[in-house]
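What follows is a single structure, written as structure tokens, with notes after it.
The values are calculated or read from the model by the stated rules, or taken from the named source; none is laboratory data. Quantities reported herein were computed from a predicted structural model and do not represent experimental measurements. Here the Cβ is made from the backbone with ideal geometry for all residues, glycine too, and neighbour counts use every protein chain on show. Side chains included, ligands, DNA and RNA excluded: accessible areas come from the protein's heavy atoms. Shrake-Rupley method; radii C 1.70, N 1.55, O 1.52, S 1.80 Å.
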Amino acid sequence: ADGPAPTKQQARFEADFLKGMIDHHAMAVEMAMLCEDRAVHDDLIDLCDRIIAAQTAEIETMQGWLEDWYGIEYEPRMTRQMERQIEKMASLDGAKFEVAFLEMMIRHHRTAVREGERCIDRAYHEDLVELCEDIVEAQTAEIALMRGWLSEWY
């Protein structure tokens, strides 16, 4: 299916979900880029590299669907709150950065998992449903990994 969802409700859900998740992923990429420079543990730096690669690719995919299905060109936007969170993290390094990063990324991922689960139930396009399933699976696993590191390292 390369056209819009058949009902207005599904189409509005998909377009809103895609824009919101593009913004959400863009913030995760920004946070992970800080992580590359400020984290201490190699395992965390590796995770941040994977987050950047995966979520940058997903942003491009979602932008393509928005344009193909709904004729919408969309670039990520950061709210003032998102910008303040990034600024706060940018002022930290070492262990303080890692604890703040892990706690914030766990919360960030929980939001994506919750939104992904809604998407699985409400989206029309099978490609989008599959992406949402992938988001839920990957980010649930990453939450478990990061929680483990928080308790192991700190």
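For this structure, a couple of remarks:
- Set THR61, THR7, THR79, THR111: member being of a type outside the set (Lys, Arg), closer than 24 Å to TRP149 by Cβ and surrounded by fewer than 19 Cβ atoms within 10 Å (Cβ to Cβ): THR111
- Remark: pairs (first residue in the stretch 51-73, under 25 Å from GLN139 (Cβ atoms); second residue surrounded by fewer than 19 Cβ atoms within 10 Å (Cβ to Cβ) and of a type in the set (S, T, N, Q); Cβ separation under 6 Å; 6+ apart in sequence or on different chains) are absent.
- Residue pairs whose Cβ atoms lie under 6 Å apart, separated by 6 or more positions or on different chains, with the first residue in the stretch 23-43 and open to solvent by less than 20 Å² (accessible area, probe 1.4 Å) and the second of a type in the set (S, T, N, Q), are HIS25/GLN55; ALA28/GLN55; VAL29/GLN55; VAL29/THR56.
- Selection over the stretch 116-132 of residues that are under 18 Å from ASP23 (Cβ atoms) and open to solvent by 60 Å² or more (accessible area, probe 1.4 Å) gives a count of 1.
- Pairing each residue of the stretch 1-15 that is in contact (Cβ under 8 Å) with a residue 24 or more places away in the chain and over 20 Å from GLU115 (Cα atoms) with any residue that is open to solvent by less than 100 Å² (accessible area, probe 1.4 Å) and not in a helix (DSSP H, G or I), provided the two are 6+ apart or on different chains, yields C-beta distances under 7 Å for ALA1/HIS125; PRO6/TYR124.
- Subset of the stretch 60-90 (residues that are within 23 Å of ASP127 (Cβ to Cβ), among the acidic types (Asp, Glu) and part of a helix (DSSP H, G or I)): GLU60, GLU67, ASP68
- GLN139 touching a helix residue (DSSP H, G or I) at 6+ places or on another chain (Cβ under 9 Å), modelled with pLDDT under 95, under 21 Å from THR56 (Cα atoms) and in a helix (DSSP H, G or I): no
- Qualifying residue in the stretch 143-150 (condition: open to solvent by 90 Å² or more (accessible area, probe 1.4 Å), of a type outside the set (A, V, I, L, M, F, W, C) and in a helix (DSSP H, G or I)): yes
- Every pair of residues 6+ apart whose Cβ atoms lie under 8 Å, when the first sits in the stretch 89-104 and is open to solvent by less than 50 Å² (accessible area, probe 1.4 Å) while the second is modelled with pLDDT under 95 and small (Gly, Ala, Ser): none
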